[in-house]
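Accompanying notes for the structure given below.
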Amino acid sequence: QAARALIDQISNDLRYVDIGAEIRDGTSYKGYDLDSSKLVLALRLPNADPTTPFVRKVYTIETVASRLTLRLQESRKCNITNFTWDCDQDFQSLPTDLLSSAYELNQLSVTFPSEFNGINVSEAGLLEPPVSPFISMVFSIKPADLTASCSDEAGLCYKVSTSVNMGTR
């Protein structure tokens with residue numbers, strides 16, 4: 001249930017990604033950027049203030065207090081000025097742990113990974129033949145008191161994954 005809740009929350013956010021929003025903050029991307037442990041989203045929510053229409057969400061897989069978890073930092077009342085995020089600092093959250101302390105992510109196994117993957121809009125446009133941009137994510141969750149990495153035999157780990165086509169956003 002914990003793994004599904006993570007996937008559901010991010011999948012819901014992906015519905016609001018604005019792939020036309022172009023950002024250049026270290027890397028250049030449109031709407032979203034990702035690597036294996038980080039997903040950055042430019043969301044345009046319905047009924048947002050037209051002067052600050054974006055929400056910036058950053059999901060990271062990181063170790064906190066010796067426990068691998070998924071964290072979220074959110075900035076509201078944002079605009080993109082000269083391809084750079086311009087967010088009201090009064091509306092920026094501290095990083096929040098999205099996983100109960102009773103659980104942790106597993107990342108050290110090929111069979112039970114936890115990671116983001118996919119192709120961003122800019123990369124997809126350069127490929128031959130053309131490919132639709134997408135985000136895939138997989139989360140493997142285990143009890144926090146399980147010191148071993150998950151394996152096929154353990155039976156204590158749960159893995160959930162999904163892929164979302166971003167080309168129609």
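The values are calculated or read from the model by the stated rules, or taken from the named source; none is laboratory data. No experiment lies behind these values; they were computed from the predicted model shown. We place every Cβ from the backbone using ideal geometry, glycine too, and count neighbours over all the protein chains shown. These area figures cover heavy atoms from the full protein model, side chains too; ligands, DNA and RNA do not enter into them. Shrake-Rupley method; radii C 1.70, N 1.55, O 1.52, S 1.80 Å.
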> Roughly to the nearest percent, how much of the accessible area of the stretch 31-147 is carbon and sulfur, given a 1.4 Å probe?
Replying inline: 52 percent
> Taking 0.36 nm per residue of separation and subtracting the Cα-Cα distance, what length does fully extending Leu156 through Phe134 add?
Replying inline: 4.9 nm
>> Please compute the per residue accessible area over the stretch 1-122 with all protein chains in place, 1.4 Å probe, rounded to a whole number of Å².
In response: 51 Å²
> Ordered by residue, what ³J(HN,Hα) values in Hz, to whole numbers, does the stretch 2-7 give under the Karplus form 6.51 cos²θ - 1.76 cosθ + 1.60, where θ = phi - 60° and Gly and Pro are x?
Replying inline: 5, 5, 5, 4, 5, 4
> How would Thr52, Thr96 line up by accessible area, probe 1.4 Å, largest first?
Replying inline: Thr96, Thr52
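Within the stretch 73-107, report the chymotrypsin sites (Phe, Trp or Tyr not before Pro) that DSSP leaves as loop and that have at most 12 other Cβ atoms within 10 Å.
Those that pass, being in a loop and sparsely packed, are Phe83.
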> Distance in nm between label sites at Asp90 and Lys38, each 7 Å beyond Cα in the beta-carbon direction?
Replying inline: 2.9 nm
> With all protein chains present and a 1.4 Å probe, how do Ser151, Ser66 order by accessible area, largest first?
Replying inline: Ser66, Ser151
>> I want to check a number: in the chain, how many lysine pairs have alpha carbons closer than 19 Å, given a sequence separation of 8 or more or different chains?
In response: 7
> Based on the Kirkwood radius over alpha-carbon pairs, what is the Stokes-Einstein translational diffusion coefficient of the stretch 10-62 at 4 °C with 1.567 mPa s viscosity, in µm²/s?
Replying inline: 112 µm²/s
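Taking a 1.4 Å probe, which of Leu127, Leu41, Leu94 shows the most accessible area, and what order do the others take after it?
Largest accessible area first, the residues go Leu94, Leu127, Leu41.
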> In nm, to one decimal, how far is the Gln73 label point from the Ala148 one, both placed 7 Å along Cα→Cβ?
Replying inline: 3.7 nm
> Radius of gyration and Dmax for the stretch 14-125's Cα atoms, expressed in Å?
Replying inline: 15.2, 46
> What accessible surface, in Å², does a 1.4 Å probe find on Asp25, ignoring ligands, DNA and RNA and rounding to the nearest 10?
Replying inline: 60 Å²
